[in-house]
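The values are calculated or read from the model by the stated rules, or taken from the named source; none is laboratory data. Keep in mind that this is a model prediction, so the values were computed, not measured. Here the Cβ is made from the backbone with ideal geometry for all residues, glycine too, and neighbour counts use every protein chain on show. The protein model used for the area step is the full one, side chains on, heavy atoms only, and it has no ligands, DNA or RNA in it. Shrake-Rupley method; radii C 1.70, N 1.55, O 1.52, S 1.80 Å.
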Amino acid sequence: MSRRQFLSHQDFEDLARRRLPSMVYGYVAGGTEDGLTRDANRQAFRDYAFMPRGLAGIAVRSQAVELWGQTWASPFGIAPMGVAAICRHQCDRIFASTAAQAGLPFILSGLSTEPLENIQRQAPGTWYQGYLPGDKQKLEPLLARLKRAGFEVLVVTIDTPVGANRENNQRAGFTIPFKLSASLVWQGLTHPRWSLSVFMRTLLSQGIPRFTNVSADPSGFRINEEPAGGLRGGRDRLDWEHLRWIRKYWPGKIVLKGVAHPEDARLAVECGLDGVIVSNHGGRQLDGAQASLHALPAVVAAVPADFPVMVDGGFRRGTDILKAIALGARMVFIGRPMIHAAAAHGEQGVARLIEILKTEVDTNLALLGCTDLRELDGRYITKAR
Ligand SMILES: Cc1cc2nc3c(=O)[nH]c(=O)nc-3n(C[C@H](O)[C@H](O)[C@H](O)COP(=O)(O)O)c2cc1C
């Protein structure tokens, strides 16, 4: 399939579903328990409808957004996704370089396998997302490493204090730490393209991949081993006190990801943080949590007007992005569709998906009768009846 034949995010997903072993596709697609929140994220877009204006003279338009004094080409970026490299060889590099070329932010997950120093060198300005331990002795050297590597934006995920009940992974035999099972071997045999271009290529070029970005130690630990102290090492102890301490220690921007309650957004402002991402982890943590788009307005209302509120969860179309912006979001992050694009067509796939989304944002901004995304607000949207 040539790049131009991909017309929407769905085309990438259809191909990714065929190319990836089902346990890998399932790891990406899955939510927790009954998938209520994952599905709610998508359904929520139906609850809002646009109120377009006509005769608005929209021949010249801009979808650029400003964040902490920096201008981004479009109001969306790539969300952090752990273990992305099992879907495409060097997937994080692909995300970092493609996002940088398109003028968009990319958030590198701490659960990644390419040393963060390499990614920052390749794509200066990449953000880092951590599942931080509630232990200052471990935190301090990790933050020092990030500073040395040149990271300026630290994203702290707060919706994963413990591992969630991802039954689908258990049923499919997918685990982290990774285990080579009979079913994986069978799926490898039945997906030779993935076996050769992802699995074997990775093993031959770097051996068993290592989680190199979890702590201060760049050698990390192999993806098939349990690190000392456990994979989630002390995350359940992280609290606001740690955030206040990180604020004193970290000179760059701090963004809380996984904010779902207006009170947490208010506390983030009080702690001197720089932004929040309204998120439920794509429905991969607390099942039954409200859809991101539904959580957004109350969070926006709880913080000062210029405090950046970002959002992710279920965004698939330019119109989805525009709805969130109209409801007060500054930036939207896209998760699964980016993995699908990378799995289906590598760097070109991610670049094409970005192009599709930019075009959708631009076309629909015009149809809304709005020339500048910065002027898109509640006047253009209403609750659907
Ligand atoms: C495969 C996968 C891995 C993820 N890993 C992380 C992670 O390491 N850190 C994190 O904060 N969020 C992680 N997330 C959540 C995403 O950052 C984001 O919140 C979510 O995917 C957005 O929803 P969407 O996939 O519907 O766009 C992951 C999501 C997926 C699908």
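Yes/no matrix, rows are residues, columns are (1) open to solvent by 10 Å² or more (accessible area, probe 1.4 Å); (2) not aromatic (F, W, Y):
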| site | (1), (2) |
| --- | --- |
| V269 | yes, yes |
| G288 | yes, yes |
| L293 | no, yes |
| A298 | yes, yes |
| V303 | yes, yes |
| F307 | yes, no |
| R316 | yes, yes |
| A351 | yes, yes |
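Checking the range 76-85 against the condition returns a match, with at least one residue being β-branched (V, I, T), buried (at least 21 other Cβ atoms within 10 Å of the Cβ), part of a loop (DSSP other than H, G, I, E, B) and within 16 Å of the ligand (Cβ to nearest atom).
Whether any residue in the range 291-298 is more than 27 Å from F211 (Cα to Cα), in contact with a helix residue (DSSP H, G or I) (Cβ under 9 Å, 6 or more places away or on another chain) and assigned to a strand (DSSP E or B) is what I want to check. Scanning the range 291-298, I find no residue that is more than 27 Å from F211 (Cα to Cα), in contact with a helix residue (DSSP H, G or I) (Cβ under 9 Å, 6 or more places away or on another chain) and assigned to a strand (DSSP E or B), so the answer is no.
When A182 is tested against (1) open to solvent by 60 Å² or more (accessible area, probe 1.4 Å); (2) closer than 21 Å to R19 by Cβ; (3) among the aliphatic types (A, V, I, L, M), only condition (2) is not met.
Of all residues in the range 322-341 being away from the ligand (no atom under 11 Å from the Cβ) and part of a helix (DSSP H, G or I), which is surrounded by the most Cβ atoms within 10 Å (Cβ to Cβ)? I'd like the intermediate steps shown before the answer.
Pass one, the range 322-341, residues away from the ligand (no atom under 11 Å from the Cβ): 322-331, 341.
Now narrow it down to the ones that are part of a helix (DSSP H, G or I): 322-326, 341.
Working: L322: 25, K323: 25, A324: 30, I325: 26, A326: 21, A341: 32.
That would be A341.
Within the range 121-148, the set of residues being part of a helix (DSSP H, G or I) and either open to solvent by less than 10 Å² (accessible area, probe 1.4 Å) or among the β-branched types (V, I, T) (or both) comprises L139, L142, L143, R145, L146.
The one condition from (1) open to solvent by less than 50 Å² (accessible area, probe 1.4 Å); (2) in a loop (DSSP other than H, G, I, E, B) that E226 does not meet is (1).
Okay, residues lined up against (1) in contact with a Phe, Trp or Tyr (Cβ under 9 Å, 6 or more places away or on another chain); (2) among the charged types (D, E, K, R); (3) more than 20 Å from P227 (Cα to Cα); (4) at pLDDT 90 or above:
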{"residue": "G125", "(1), (2), (3), (4)": "yes, no, yes, yes"}
{"residue": "Y128", "(1), (2), (3), (4)": "yes, no, yes, yes"}
{"residue": "Y131", "(1), (2), (3), (4)": "no, no, no, yes"}
{"residue": "L143", "(1), (2), (3), (4)": "yes, no, no, yes"}
{"residue": "N165", "(1), (2), (3), (4)": "no, no, yes, yes"}
{"residue": "F178", "(1), (2), (3), (4)": "no, no, no, no"}
